[in-house]
Amino acid sequence: MATDTAIRGGQEQSSRGVAESGKSCPVNVGMDERHVTLVLGGMLTAMGLLRFRPLTALLGGALVYRGMTGHCTAYQALGIDTNEHE
């Protein structure tokens, strides 16, 4: 699926960015969860922008970011990792 390739490409880029910047941003969200997050985040963002509800658009944008990067700060704080490690 094209989305898988795009997301995995983002993982490779973010891994390189982590090494260069020295900040840790591990992938801790599984692929299925990322797909659902991207779809729901996109829908919330669109709904928020169309209905002029900035908080809804902001929440949707945060979910899109989470889906693209595969990193969830809340999961990190709670020690949760749903990513299937190879």
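Observations
- Label separation (Leu78 vs Leu40): 1.2 nm, computed from points 7 Å beyond Cα along the C-beta direction.
- Across all Cα atoms of the stretch 42-84, the radius of gyration (one decimal) and Dmax (whole number) stand at 12.5, 38 Å.
No value in this document is a laboratory result; all are computed from the given coordinates. Please read these numbers as outputs of a predicted model, since none were measured by experiment. Because the Cβ atoms are built from the backbone with ideal geometry, glycine has one as well, and the counts that use them run over all protein chains shown.
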